[in-house]
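Presented below is the structure to which this report refers.
What follows draws every value from the coordinates through simple rules; no lab data is involved. Note that the coordinates shown come from a computational prediction; the quantities given were computed from them, not determined experimentally. Because the Cβ atoms are built from the backbone with ideal geometry, glycine has one as well, and the counts that use them run over all protein chains shown.
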Amino acid sequence: MSEVKGPVTMNGRPPETERLYWPVERMRAYQLDRLRETISQATRSSFYGPRLKGLRVDSPEDLARLPLTTKADVRSASPFGLLAVDREQLFQYHESFGTTGPPASSWLTRDDFHNYATQINHSAVNLQRGDRVLVRFPYAISVPAHIVTQAAHDRGACVIPVGSRTTISPYPRVIDLLRKLEVTVLACLPTEAIWLAETARLKGLNSRTDFRSLRAICTAGELMSNARRARISELWHAPVYNLYGCTEAGNIAADCEAGRLHLSWDHFLLEVLDPRTKQPAASGGSGTAALTTLTRQAMPLLRYLLGDYLRLHTLQDCPCGRTAPVVEHYGRDLNRFHFGERPFFVRELEERLLCSPVRAVGNLWLIEVRPKEVRFRVEAEQPDMNLYRRLEAQVREELDLPLVVDPVRPGGLLDRTRLLAVEPVHKPCNVGYVRDDAAPSLTLDSITAKGVESGLTSE
């Protein structure tokens, strides 16, 4: 691999990360100035204008006096109710996936979009000139692929915009691109990183040894436990750096060199609230996240309830030297399950079970909640019943959860043919040739998709 040269740095660090190392008191003053600007900007929207009338903020603690903003508020106010700039200033539009309800709008000015990319570059993946970054996030109405692309370009890196799985970008083609283009950074969902490694294996390749140019994997969009990160890193023999954010606000936190998720505190204020009372949780305690943007122009958000469960470590002596708080992310309701009346986080099982040898507890697994027990179903090349009994006993003791580890043969949870499937690609066509006058009349479908099979030729 050719030498990779990074951007101009301050104190040996990329300039856009400098505030992550500021002393706490200096950052508090900066945040207060930005918070005042944000509140002033938010009053320009039809949603926040009436809510913020007469409110004054003299310290970051006064944030708790502001009303909470729910996902239902953002959805009902979409698409224009939260807009705080003239429409002529708008640069780009995105929407949330809508996995838990109607999609929420996200408007960006040019500066907003630049800040989204800057937040990506807070990650220790340290995109650089000479990198070839293969982006496997979907280039669609969601935001990750677009801002990762901009972040790479801002650092002088080359982008390979593959996007999500389509007829043009099936898994085998991505594997071919990773090898022949000597990709240095793979950006994708954690699950995609696992499935791509499995695709490589099915093609007779070793993801650890046959992709020597790959120096890092950048993930986002899913819960990432430390155990899962270690599994993916082992699969590809490369460090994994995770990003945590949402379409409506930007990239909230990014992994440092030590694998800790640091808040981008020059762009956000983050509160941890008691899930029931919505009052501040005890210091260092876990709860639901309320986010306030500090640099957003088009659509500022105040105390926005993300729906995420997390813990915030504000007094963190991190080896990387950053003073920004560390976010311990437990996920959303999608990442929880209930047994009886008690909720459990998927992360709690991952951290206890995925530390086991991969031959016995594979990289593909499924949690199956039953009336009397919870089954952790795993694809196992070499089932180890003694290991499973020890893991079950540990979970019972530590979580008071009746767990059964249920091994299945490789391929029992995921049909591998879907990974190797490559469908033919056809461009639009409206001219077809019929060889026999007795043949049925043509349709656009028969020309563009079935012409060869039905004895037709298309151009």
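The table below lists the values:
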{"quantity": "Rounded to 5, the percent of DSSP beta bridges in segment 335-417 classed as antiparallel", "calculated": "60 percent"}
{"quantity": "F268 long-range amide H proximity, modeled H, under 5 Å", "calculated": "L294"}
{"quantity": "Student exercise, the chain dipole from Lys, Arg, Asp, Glu Cβ charges, in Debye to nearest 20", "calculated": "240 debye"}
{"quantity": "Peptide ranges 11-17, 103-109 listed from the most packed, as the mean C-beta count within 10 angstrom indicates", "calculated": "103-109, 11-17"}
{"quantity": "Cα-based reach from K53 at 17 Å (exclusive), listing aspartates and glutamates while leaving out same-chain residues under 8 positions away", "calculated": "E37, D62"}
{"quantity": "Segment 59-128-segment 347-372 distance, computed between alpha-carbon centres (Å)", "calculated": "35 Å"}
{"quantity": "Highest to lowest packing among 64-76, 411-423, 182-194, 288-300, scored as the average C-beta count within 10 Å", "calculated": "288-300, 182-194, 64-76, 411-423"}
{"quantity": "Sequence-distant residues sharing a close amide H with C218 (under 5 Å, placed H)", "calculated": "L186, A187, C188, Y241"}
{"quantity": "Packing rank of 366-372, 207-213, where each peptide gets the mean count of other beta carbons within 10 Å, highest leading", "calculated": "207-213, 366-372"}
{"quantity": "For the chain, share of DSSP beta bridges that run antiparallel, in % to the nearest 5", "calculated": "65 percent"}
{"quantity": "Over the chain: helical MRE at 222 nm, DSSP H runs n ≥ 4 each giving -39500 (n - 2.57), nearest 500", "calculated": "-7500 deg cm²/dmol"}
{"quantity": "Label of the coordinate-derived value, mean projected area of the Cα convex hull in nm², listed as (i) 27.4; (ii) 21.7; (iii) 20.0", "calculated": "(i)"}
{"quantity": "Packing-based exposure ordering (other Cβ within 10 Å, fewest first) of D384, D112", "calculated": "D384, D112"}
